[in-house]
Amino acid sequence: MHRHTHATGKIAAALGLVIAFTTTAMAAPTNLVSTGKTNPPIGHFEFCKNYSSECGALGKDQGPMALTRKHWAQMLEINTRVNQSIKPDTDLNIYGVEELWTFPRTVGDCEDYVLLKRHMLIQSGFSPRDLLITVVLQPNGDGHAVLTVRTDYGDYILDNMRGDVRLWSETGYTFIKRQSSENAGQWTKLGPGSATKVGTISN
């Protein structure tokens, strides 16, 4: 897996909340839209049995958070810190099972990175309504898990496979489903396709 940690000019510009929308970028909505309820990944279903406090009702959706410079800096810092501190590996190699979602200590796969980032951002004051575990398909068709942060500047993606934080429409992924913003134990559909396994590590 490739992990890039150098800040780019785009990141620096976004730190000042100077968002430059091109005609291409404006072609896609800046916030993902749910299209109905769906089943959670089996790994998250089992995770919720062990960590019920991470999977409860969140109340009525109040809309995405207001993105401030402080929030943006926290997103970048936590994304980088977790990506650098956790070594990527598969659940099969780590635990001897195909799929197990848990908080990583030194090693984990994609959903483990997501769980830790979400937990750390909540501890930093972010609302869990705006921190949604999301299942995507990579361009090669492999399943993958990322963290969506909902903001009034759009939905940003925290990803263990890249060092920057970018809008969902700039990732190249196909977005399948994510947690509900009103109940962290429930999931909603985002588009067509299916991802039966999201623990795959790409080199």
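The values are calculated or read from the model by the stated rules, or taken from the named source; none is laboratory data. The structure presented is a predicted model; accordingly, all values stated were derived computationally and were not measured. Note that we place each Cβ from the backbone using ideal geometry, even for glycine, and neighbour counts take in every protein chain shown.
Any idea which residue in region 122-138 is surrounded by the fewest Cβ atoms within 10 Å (Cβ to Cβ), counting only those that are in contact with a helix residue (DSSP H, G or I) (Cβ under 6 Å, 6 or more places away or on another chain) and closer than 17 Å to residue 165 by Cα?
Among them, the one singled out is 131.
With the condition kept exactly as written, say whether any residue in region 183-203 is basic (Lys, Arg), at pLDDT below 95, closer than 24 Å to residue 98 by Cβ and more than 12 Å from the chain's Cα centre (by Cα).
Yes; the residues of region 183-203 include at least one that is basic (Lys, Arg), at pLDDT below 95, closer than 24 Å to residue 98 by Cβ and more than 12 Å from the chain's Cα centre (by Cα).
Got at least one residue in region 83-97 being surrounded by 18 or more Cβ atoms within 10 Å (Cβ to Cβ), of a type in the set (Gly, Ala, Ser) and more than 20 Å from residue 31 (Cα to Cα)?
No, region 83-97 contains no residue that is surrounded by 18 or more Cβ atoms within 10 Å (Cβ to Cβ), of a type in the set (Gly, Ala, Ser) and more than 20 Å from residue 31 (Cα to Cα).
Six or more apart or on different chains, Cβ atoms under 6 Å: show the pairs whose first residue is in region 132-159 and over 17 Å from residue 41 (Cβ atoms) and whose second is among the basic types (Lys, Arg).
These pairs meet every condition: 158/117.
Which residues, counting only those in region 109-158, are among the small types (Gly, Ala, Ser), under 21 Å from residue 53 (Cβ atoms) and more than 10 Å from the chain's Cα centre (by Cα)?
124, 125, 127
So which of 84, 62 is modelled with pLDDT under 95 and polar (S, T, N, Q)?
Exactly one residue qualifies, and that residue is 62.
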